[in-house]
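Derivation of every value follows stated rules applied to the coordinates shown; laboratory data play no part. Being a predicted model, the structure only gives us computed values, none of them experimental. Positions of Cβ are backbone-derived with ideal geometry, glycine not excepted, and every protein chain shown enters the neighbour counts.
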Amino acid sequence: MDAKTAQSVFGAVRQSKKSTSKEETTENFKSSNESLVKKYISLKNQLTQCTKTVEKLRNENVALREKNQELIDASLDRKIELIVEQRVKSRLAHAAVLHKKLFQTIQQTGLELNGIFKDMEPEPIEESPVRQSSVDNYDDENEYGEDDITISSATTSFVQNLENGTPRTKQSGPKGRRSQLFPSLQEDVLSGEEVSVVSTVVRRAPMLIAPSATPGGPSKPASRKAATPRFKKPSTPVVAPSCDPDEGGPSTVRRQRSAKMNIKSMKEPSTDVKYGVICDAGSSGTRLFVYTLKPMNGGLTDIDTLIHENEPVVKKVTPGLSTFGDKPDQVIEYLTPLLRFAEEHIPAHQLAETDLMIFATAGMRLIPEEQKIAIIENLQTGLKRVTNLKVTDSNIRVIDGAWEGIYSWIAVNYILGRFDKENEPKVGMIDMGGASVQIAFEIPKEEVYTGGNVYEINLGRSDQVTDYKYSIYSTTFLGYGANEGLKKYETSLVQSNHFEDSCSPKGLNKLIGEISVNGTGEWDTCLAQVSTLIGDKTLPSCTKPACFLHNVIAPAVNLSNVDLYGFSEYFYTTSNFGAQGDYHYEKFTDEVRKYCKKDWNDIQEGFKKHEFPNADFERLATNCFKAAWVTTVLHEGFNVDKTNHLFKSVLKIAGEEMQWALGAMLYHTRDLDFGIGLEQELEIIQSTQQISNFFSLLVILVFVLAAVLYRQLQADSMYKKYHYLRTDSKPDFLNV
């Protein structure tokens, strides 16, 4: 085969291969195309199905929303119905109690009048010229018998007749005179028929006092002269019953405090106790307190921490509320355990009328404003959906540091009972936390101070009550708490390239940022360094009579002469050195020096051997600094003398731990709803005075009438005995 033929053959073979390859490629393409078409159709069907599913889910979601809204509306309606039903039942029950007590009072009044009229009955008339000695015509066996019930019921009619001006009918005979003078209304009273006086009392005042009652309780009945033995003394004063339609719950009040006019003093124990819940949202956690509240008309509200099984009803959760700045939608879940805890200890029928207050302090004051607003708004809107407690937007807020100081001042003076002693000076307080320090004290009335940070407060139930008005100097110093002070100190070490830390125990090495510092335990050097952090050297010298931290102008009050109580960090730091209670500068600083000079390893070993029973391990490393900080703030920041002073550091007063929450609850009770407001109180007092005047007039009329009738009976007896002729006519009202 020549070359040309071979080339031709190879060309044919090559062409055949190309043709075959092209056909295979075409076939593969068709197959792939068909597969893609099938996948496309399948995906299209799936998309259609998904669209239908999404539409179905959307419709179901709309239906669920509508159903959820219906459930919410129904729940709210049911809650309202339950509240209304409970209050209606409560009012009906107490109205029945009032009705019964009023009837008992009418019976008691009838007994008194029965005794009076029995004493007034004339002595037996004898034909003998010698008169028998007069005796009381009184049936001892019937002292509490049916006749007395008739008389007591008749008394109600007599009151009604006097009020309506109904004239008496002429009757004959002493027994007939007495029984017909007061027609019986016993059946009317028992069947619920309203006697005009009784209905007036029920409408106008839910609480009554006896006509002779004085503030603090009923007084003794006025004594009668011994020369009138025929008039029997009442055995007990007649006291009208009290009624409060919202009473309920056990009383846990332990302290007795004075009040200008305590109308509720006649109430049965445990009938007027309300509840209040307050959360102290601090920088490290939120603590809930449940208080019992007993309003006192015109005076201070009596407040105590609710006790359950000999333990205060208090609960804390961590971390602080301020840590939710970037996740405000989680604050409701964070507080829910506290709310459930409170609801478990408050009667179910009182939850809706128990106010919930959440006051946030220094931690929340330090975060950005937008985060602060987001947290508060989430609380204001979300809490109403998860608790049955009464939630009001104004009761959920961040409080100013000055008010935190005022609340603490109120709490400590309240626990000490200083508000009950008008002329006794009130104590002052300094409360140092981790981020800030507050100071609050009363400005004497004779002190003239025109600077800032003065607050006029009134703890009385109304502005008309002036016995509890005070001028308080209160301010807070943000950044001067113990933890913030430590940050300032460590920053100063880094900035000055100090590698020795005189405020740490000897041998304690620690990292501040990337710098390692070594503790030397030289506490006097530490004091000098801390002193430079207290004042702002960029400010001019204070030219006022007194200045505090940061050259803040203060009243010219010598705090060395004021009973000052130090709380929180003052107590924790001094107690670590066994120096809590009455403060002695030299004794305290000697103990601190001894501690700081110890080797850090020895301190840790001593802790294991319980040589520092009041200290936590975490505080061992910072004790030296905090001791220097609290003393420097006290003496250089607030000008308290180191030797001549009345300062003391405490945790508890009279066995009760001081919490500013107690002062906040006391201050805001005048804003809360106790079921009896100020206008009602004033109306009650006015109604009570009117009722007292009415009964006083009634008593006078009864005695005048009794005296006239008695004289008339004596005259009739004389006429019959000596056969006198009557020459004058009797007045119409004596024609009996």
Query raised in the report: By per-residue mean of other Cβ atoms within 10 Å, what is the highest-first order of 443-452, 416-425, 470-479?
Result: 470-479, 416-425, 443-452
Report task. List the relative contact order of the stretch 290-367 as a percent without decimals, with contacts defined as Cα pairs under 8 Å and 6+ residues apart. Result -> 25
Query raised in the report: FRET efficiency for residue 446 and residue 50, Cβ-Cβ distance as r, R0 = 60 Å, nearest 0.05?
Result: 0.10
Requested in this report: Place the peptides 509-517, 521-529 in order of packing, highest mean first, counting for every residue the other Cβ atoms within 10 Å and averaging per peptide.
Outcome: 521-529, 509-517
Report task. Answer rounded, prolate or oblate for the stretch 371-438, using the Cα gyration tensor with square roots of eigenvalues a ≥ b ≥ c: rounded when a/c is under 1.5, else prolate when a/b is larger than b/c, else oblate. Result -> oblate
Report summary line: Reduced to Cα centres, the span from the stretch 553-616 to the stretch 350-403 in Å works out to 35
Report summary line: Net charge (Lys, Arg +1; Asp, Glu -1) of residues whose beta-carbon lies under 13 Å from that of residue 431, residue 431 excluded, is -4
Report summary line: Here the percent of antiparallel bridges among DSSP beta bridges lying wholly in the stretch 479-667, to the nearest 5, is 60
Query raised in the report: Does the stretch 479-667 classify as rounded, prolate or oblate by the C-alpha gyration tensor (a ≥ b ≥ c root eigenvalues; a/c under 1.5 gives rounded; else a/b over b/c gives prolate, otherwise oblate)?
Result: oblate
Query raised in the report: What residues from the stretch 617-648 fall in the zone where the backbone N is under 18 Å from a label point 7 Å along the Cα-to-C-beta line of residue 604?
Result: 617-624
Query raised in the report: Using the Cβ atoms and a cut-off under 13 Å, what net charge is assigned to the surroundings of residue 585, where Lys and Arg are +1 and Asp and Glu are -1?
Result: -2
Query raised in the report: What is the set of long-range amide H partners of residue 357 at a cut-off below 5 Å, with H atoms built 1.01 Å from backbone N?
Result: 277, 278, 279
Query raised in the report: What pairs in 294/384; 315/642; 587/609; 488/587; 598/642; 487/609 have C-alpha atoms more than 29 Å from each other?
Result: 315/642; 487/609
Requested in this report: Order the peptides 569-582, 275-288 from the highest to the lowest mean number of other Cβ atoms within 10 Å of their residues.
Outcome: 275-288, 569-582
